[in-house]
Amino acid sequence: MLLQISEPDSQATHPAPARKRAAGIDLGTTHSLVASMPQGVATVLPDEKGRVLLPSVVRYDEAGEVAVGYGALPWLARDAANTIASAKRLMGRGLTDLGDMRQFPYQWAETSATEAAGMVRLKTRAGIKNPVEISAEILKALRLRAEAQLGGALEGVVVTVPAYFDDAQRQATKEAARLAGLNVLRLLNEPTAAAIAYGLDQGAEGVYVVYDLGGGTFDVSILRLSRGVFEVLATHGDSALGGDDFDHRVFCWILETANLPPLAAEDVRLLSTVARSAKETLSQHETAPVAAMLSTGIRVELTLTAEVFTEITQHLVQKTLTPVKRALRDAKLSIDDIKGVVLVGGATRMPQIRLAVAGFFKQPPLLNLNPDEVVALGAAIQANALVGNRALDSGEDWLLLDVTPLSLGLETMGGLVEKIVPRNASIPLTRAQDFTTFKDGQTALAIHVVQGEREKVSDCRSLARFELRGIPPMVAGAARIRITFQIDADGLLSVSAREQTTGVEASIVVKPSYGLSENKITRMLEESLEHARDDMQARALAESQVEADQLMELTQHALAADGDLLNDAERTAIDAALAELGQRRQGQALNALRLALAKANKATAEFAGRRMDRSVQKALTGKRVDSVVKE
């Protein structure tokens with residue numbers, strides 16, 4: 001084994017602390033990405049073929065295997081019921097939340113008594129699946145990619161979510177990450193992640209708007225960037241509006257223009273894929289062909305022009321500007337106060353979006369960052385800080401102040417909402433308010449936690465219910481009950497109630513109605529252990545690849561410095577061992593790589609010993625024996 005020995009007269013230095021492995025994950029509707037900071041600079045991590053985007057598509061095949069990403073993509077039209085795309089749009093949703101069901105070519109399963117109420121469930125050949133399980137497959141693929149690239153297990157990740165994701169959707173995202181074997185350090189709002197990447201990369205200051213139109217969600221956030229402080233002033237959006245809706249509008253145009261009859265599931269997916277392709281083509285061209293052969297033998301041949309596409313999607317473009325106006329109003333700002341507009345999300349490549357944004361803000365949007373990658377890069381920067389690497393990197397002294405996107409409150413008499421936490425309050429936070437009883441002798445209080453901006457409970461989203469019991473019987477209005485809301489950095493909520501005179505209390509961690517039961521999570525975690533061997537194999541390969549890289553680098557450096565210690569035959573043997581190691585390093589065969597490592601270590605062992613002897617000799621040259629002993 002090679003040993004590195006410092007020069008005898010050089011000043012001793014302490015080794016730099018090792019970087020912890022952390023990553024940022026953008027779990028997207030259409031594509032997902034993972035990024036990290038292995039060398040102190042945020043970088044999107046590619047797969048083995050150099051591709052940074054992972055299609056957010058999962059297929060369950062006939063053999064019981066799961067294909068994720070590019071391996072699942074070709075089956076979208078051919079096996080629509082078992083190939084799930086855009087699962088992010090289903091996260092934390094019930095069937096009644098999904099709107100036009102024609103855009104989903106799936107077989108929906110009934111909700112069972114053992115599942116949390118309202119959770120959407122899909123029938124596949126692998127059994128009943130829900131969006132949490134499907135998203136976990138995507139996150140697992142990204143985890144394995146990151147571990148292979150970084151050379152070991154991740155200590156933690158930051159996963160991004162749309163700013164307007166409610167508590168149910170955030171909890172579902174966190175459960176999916178847990179199933180994928182990830183330690184979630186924080187859920188981070190996507191626009192905030194984009195601002196972190198933009199602000200640190202560009203050194204920007206001032207008030208900026210982040211306009212984030214992804215495949216399935218739309219968010220707008222207004223941030224003030226000043227001397228390393230990222231303060232979110234306001235956020236708004238629509239968790240059911242995105243590029244998929246533009247695809248669906250083209251899909252409907254095809255149905256109407258071609259006068260097509262009701263379609264089979266595979267034809268729905270085929271035309272949806274054709275519609276998406278046409279939309280993407282129109283980002284660069286004035287016309288796009290629309291051609292498909294349906295399973296019924298009907299041939300569809302149309303041409304979609306940019307003018308028609310703009311016309312049929314104009315209402316969707318305008319729909320994005322309504323939350324923009326509300327966010328400006330919440331932040332008490334005008335258009336003139338905005339220094340720049342950052343575009344995030346692949347859907348912002350559509351020309352009509354860029355024209356609408358430029359027209360509304362009276363300035364062209366900033367286009368110098370890749371809209372697909374910027375969210376993952378910002379998440380990586382935040383993850384790097386949370387695992388403690390920030391001190392290793394210069395120029396990373398910054399503070400993040402995020403906000404909660406929706407108001408939170410309690411049901412009071414008459415079915416009204418008493419808001420405890422207003423929209424756009426900075427998080428993490430703790431807010432408390434005192435309440436009292438309304439009947440003489442009342443000994444219990446039912447507490448109903450809701451989320452939304454409306455005044456009536458029926459118009460808001462129910463989050464949780466619990467009871468406070470043991471209140472001393474008093475006349476109505478005499479009891480003093482303090483109810484406290486706590487929101488952590490992920491935007492997740494816990495609520496507690498305490499009667500002030502006796503100290504009796506009750507609390508609940510809000511688990512939304514569409515979350516998974518603990519039994520369900522436990523069962524799925526147990527099932528994930530069946531694939532532990534594959535995970536261990538991938539990790540072992542990655543670790544061996546890192547070891548090979550280190551050995552090759554150290555040996556080359558040693559040869560450059562002390563190659564004269566070797567004769568020609570010895571040098572040839574070492575060069576051959578390194579060449580074989582480099583070849584095995586590029587492959588996926590773990591045993592072959594380990595054998596090459598052992599061979600290279602053996603070939604360099606004698607060389608390492610000679611270098612050590614030379615170093616010792618240099619250290620002793622010109623010194624008396626007794627002085628060396630004293631030292």
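The values are calculated or read from the model by the stated rules, or taken from the named source; none is laboratory data. Just so you know, these numbers come straight off a predicted model, no measurement behind them. Here the Cβ is made from the backbone with ideal geometry for all residues, glycine too, and neighbour counts use every protein chain on show. The area values use the complete protein model at the heavy-atom level, side chains included, leaving out ligands, DNA and RNA. Shrake-Rupley method; radii C 1.70, N 1.55, O 1.52, S 1.80 Å.
Numbers at a glance
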item	result
Answer residue from region 134-159, given it is touching a Lys or Arg at 6+ places or on another chain (Cβ under 7 Å) and over 13 Å from Asp26 (Cα atoms) and is most open to solvent (accessible area, probe 1.4 Å) among those	Glu155
Residue that is modelled with the lowest pLDDT [pool: residues in region 8-39 that are under 19 Å from Leu369 (Cβ atoms) and in a loop (DSSP other than H, G, I, E, B)]	Thr30
Boolean, Pro364 is modelled with pLDDT of 85 or more and not polar (S, T, N, Q)	yes
Pairs, first closer than 20 Å to Glu570 by Cα and in a helix (DSSP H, G or I) in region 580-602, second open to solvent by 60 Å² or more (accessible area, probe 1.4 Å) and not basic (Lys, Arg), C-beta under 7 Å, six or more apart	Leu597/Glu547; Asn601/Met1
Counted residues, region 65-85 - those being part of a helix (DSSP H, G or I) and aliphatic (A, V, I, L, M)	3
Breaking point among (1) outside any loop (DSSP other than H, G, I, E, B); (2) open to solvent by 20 Å² or more (accessible area, probe 1.4 Å); (3) not aromatic (Phe, Trp, Tyr), for Gly181	(1)
Complete set of residues in region 432-452 that are open to solvent by less than 20 Å² (accessible area, probe 1.4 Å), among the β-branched types (Val, Ile, Thr) and assigned to a loop (DSSP other than H, G, I, E, B)	Thr437
Residue identified as modelled with pLDDT of 90 or more, surrounded by 20 or more Cβ atoms within 10 Å (Cβ to Cβ) and at negative phi among Leu377, Leu355	Leu377
Residue in region 273-290 that is of a type in the set (S, T, N, Q) and in contact (Cβ under 8 Å) with a residue 40 or more places away in the chain present	yes
Single condition Ile574 does not satisfy, out of (1) open to solvent by less than 60 Å² (accessible area, probe 1.4 Å); (2) within 40 Å of the chain's Cα centre (by Cα); (3) over 20 Å from Ala148 (Cβ atoms)	(2)
Residue list for region 198-229, filter: over 30 Å from Ala275 (Cβ atoms) and at pLDDT 85 or above	Gly206, Val207, Tyr208, Ile222, Leu223, Arg224
Residue that is open to solvent by 30 Å² or more (accessible area, probe 1.4 Å) and modelled with pLDDT of 85 or more, where the choices are Glu499, Glu455, Glu467	Glu467
Segments classed as helices (runs of 4 or more DSSP H), wholly inside region 222-340, with at least 3 members that are closer than 22 Å to Leu366 by Cα, open to solvent by 40 Å² or more (accessible area, probe 1.4 Å) and touching a helix residue (DSSP H, G or I) at 6+ places or on another chain (Cβ under 9 Å)	314-331
Qualifying residues in region 390-431 (those that are of a type in the set (Ser, Thr, Tyr) and farther than 20 Å from Gly237 by Cα) - the one modelled with the highest pLDDT	Thr430
Breaking point among (1) aliphatic (A, V, I, L, M); (2) open to solvent by less than 10 Å² (accessible area, probe 1.4 Å); (3) not in a loop (DSSP other than H, G, I, E, B), for Ala163	(3)
Checklist (1) modelled with pLDDT under 85; (2) over 30 Å from Pro131 (Cα atoms); (3) not acidic (Asp, Glu) applied to Gln537, failing item	(2)
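To keep it simple, each residue is scored yes or no on (1) more than 30 Å from Thr173 (Cα to Cα); (2) at pLDDT 85 or above; (3) of a type in the set (Val, Ile, Thr).
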| site | (1), (2), (3) |
| --- | --- |
| Asn519 | no, no, no |
| Leu525 | no, no, no |
| Leu554 | yes, no, no |
| Asp564 | yes, yes, no |
| Gln583 | yes, yes, no |
| Thr604 | yes, yes, yes |
| Asp613 | yes, no, no |
